[in-house]
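The values are calculated or read from the model by the stated rules, or taken from the named source; none is laboratory data. As the structure is a computational prediction, the values presented were derived from the model and not from experiment. For neighbour counting, all protein chains shown are included, and Cβ atoms are generated from backbone atoms with ideal geometry for every residue, glycine included. The protein model used for the area step is the full one, side chains on, heavy atoms only, and it has no ligands, DNA or RNA in it. Shrake-Rupley method; radii C 1.70, N 1.55, O 1.52, S 1.80 Å.
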Amino acid sequence: MNNDKQAIFIKAKSILIDLFELDDAVIVPEARLYEDLDIDSIDAVDLLIDLKKEVDVEISPEQFKAARTLGDVVDIFAELS
Amino acid sequence: MLIRLRRVWAVIAAAISYTTFGIGALLLGLVFRLIDWLPLSLTKKQRWIRHCIHISCLSFINLMRFLGLLTYQLSVTSTDKVKESGCIVVANHPSLIDAVFILAANKNISCIVKGALWNNFFTSAVVKLAGYIPNDSKDFIEIAVEKLRMGDSILIFPEGTRNTYNEQLDFRRGAANIAVVANAPILPVLITSNPRALQKGEKWYSIPDGGSHFSIQSGDLLNLTSCIDVTRPRTVQYRHLTRYLKKHYLAWLANTSCDKPKHEINIPNQVI
């Protein structure tokens, strides 16, 4: 992961721990949002709001919906920032 | 011989019940379409329709009792009697007819229903005209919250489907999602049957010998602030509230089985 993505990943990790009380150990790029992190579509709304506060980009819910893993989320944000 | 006759009767009685339910639902659908056509306010029409559903459900469980399929004890505070308007009724889900019992105890309540019922030939007219909410609609939380704000109460089964044993209580977060966003109180209802009947996966005609006794009771109204820390992020509240409800039900079940009179507790036969 390049530096930009790494920075985004670290911010995302902190948000995930805050919002979902997840264990540090399970938050890896390969983690699937729904199956591994138990983040459903209702949760995703709040996750997107907090991510946008940290990484100031224009991103629509539809673009965000395409993300399956944490790595996908980081990629999407990195591309748009 | 007597046992065989009883079993045959149970199957016949079950067939009568299912048929009555199907025909009843169709007839209700027709009646509701007629009511819907009347030039009355939406609220009034919906209240009539829900009242009809209530009467029908009460009649249906009485029919099942008359046919010897079950006995029941309903001790549910109707949502009309709950001071705060707009509460969420949650219940565990052991049997096929759980919703019927709760509707028999409430004159005016909305329900979160399985998406499949929305398009089912027998139930679609009823669920749509009664102002129920399909759980696969992507706005179902918003719709539910809005109804609660208008004073409607809503029934939801947090397990989402029938459990396979009482303590399973695999509560999903749907009920908590709605409760937290709407800041609405929760009226918990406990449903138990002895022996367990009309379970998931069983054949339709599989009725316990001698029928089953259903107990449906409501507990104290739960206000969010007394269950969880509402200053935490919403997503955390969803999870805490769901866990709280599961613990609440586990304790409730444990207390209830303590109340079982001795002759109802199965004691294995002593083999000499």
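Among the residues of the range B:156-205, which ones are surrounded by fewer than 18 Cβ atoms within 10 Å (Cβ to Cβ) and farther than 27 Å from B:GLN237 by Cβ?
Across the range B:156-205, the qualifying residues are B:THR164, B:TYR165, B:ASN194, B:PRO195, B:ARG196, B:GLN199, B:LYS200, B:GLY201, B:GLU202, B:LYS203, B:TRP204, B:TYR205.
Out of the residues in the range B:107-134 that are within 19 Å of the chain's Cα centre (by Cα) and open to solvent by 70 Å² or more (accessible area, probe 1.4 Å), which is nearest to B:THR77 (Cα to Cα)?
Here the answer is B:LYS107.
What residue, among those in the range A:31-59 that are closer than 20 Å to B:GLY174 by Cα and more than 13 Å from chain B (Cβ to nearest Cβ), is most open to solvent (accessible area, probe 1.4 Å)?
A:GLU35
Given the condition within 14 Å of chain A (Cβ to nearest Cβ), assigned to a helix (DSSP H, G or I) and out of contact with any Lys or Arg (no Cβ under 8 Å at 6 or more places or on another chain), answer yes or no: does some residue in the range B:147-164 qualify?
no
Surrounded by fewer than 15 Cβ atoms within 10 Å (Cβ to Cβ), assigned to a helix (DSSP H, G or I), of a type in the set (A, V, I, L, M, F, W, C) and out of contact with any Pro (no Cβ under 6 Å at 6 or more places or on another chain): which single residue out of B:LEU245, B:LEU250, B:LEU241 fits that description?
B:LEU250
How about the range B:196-238: which of its residues are within 30 Å of A:ASP50 (Cβ to Cβ) and either away from chain A (no Cβ under 14 Å) or in a loop (DSSP other than H, G, I, E, B) (or both)?
Residues satisfying the conditions are B:LEU222, B:ASN223, B:LEU224, B:THR225, B:SER226, B:CYS227, B:ILE228, B:ASP229, B:VAL230, B:THR231, B:ARG232, B:PRO233.
Between a residue in the range B:27-53 that is open to solvent by 100 Å² or more (accessible area, probe 1.4 Å) and any residue that is assigned to a helix (DSSP H, G or I), which pairs come within a Cβ distance under 8 Å, given they are 6 or more apart or on different chains?
If the second residue must be assigned to a helix (DSSP H, G or I), the pairs left are B:LEU30/B:ALA125; B:ARG33/B:ALA125; B:ARG33/B:LEU129; B:TRP48/B:ILE35.
Would you mind finding the one in B:ALA91, B:ALA104, B:ALA10 that is under 19 Å from B:GLN199 (Cβ atoms), at pLDDT 95 or above and either within 20 Å of the chain's Cα centre (by Cα) or surrounded by 14 or more Cβ atoms within 10 Å (Cβ to Cβ) (or both)?
Every option except B:ALA91 fails the conditions.
Kindly evaluate B:PHE60 against the criterion of being out of contact with any strand residue (DSSP E or B) (no Cβ under 9 Å at 6 or more places or on another chain) and buried (at least 16 other Cβ atoms within 10 Å of the Cβ).
Considered against the rule, which asks whether it is out of contact with any strand residue (DSSP E or B) (no Cβ under 9 Å at 6 or more places or on another chain) and buried (at least 16 other Cβ atoms within 10 Å of the Cβ), B:PHE60 comes out as yes.
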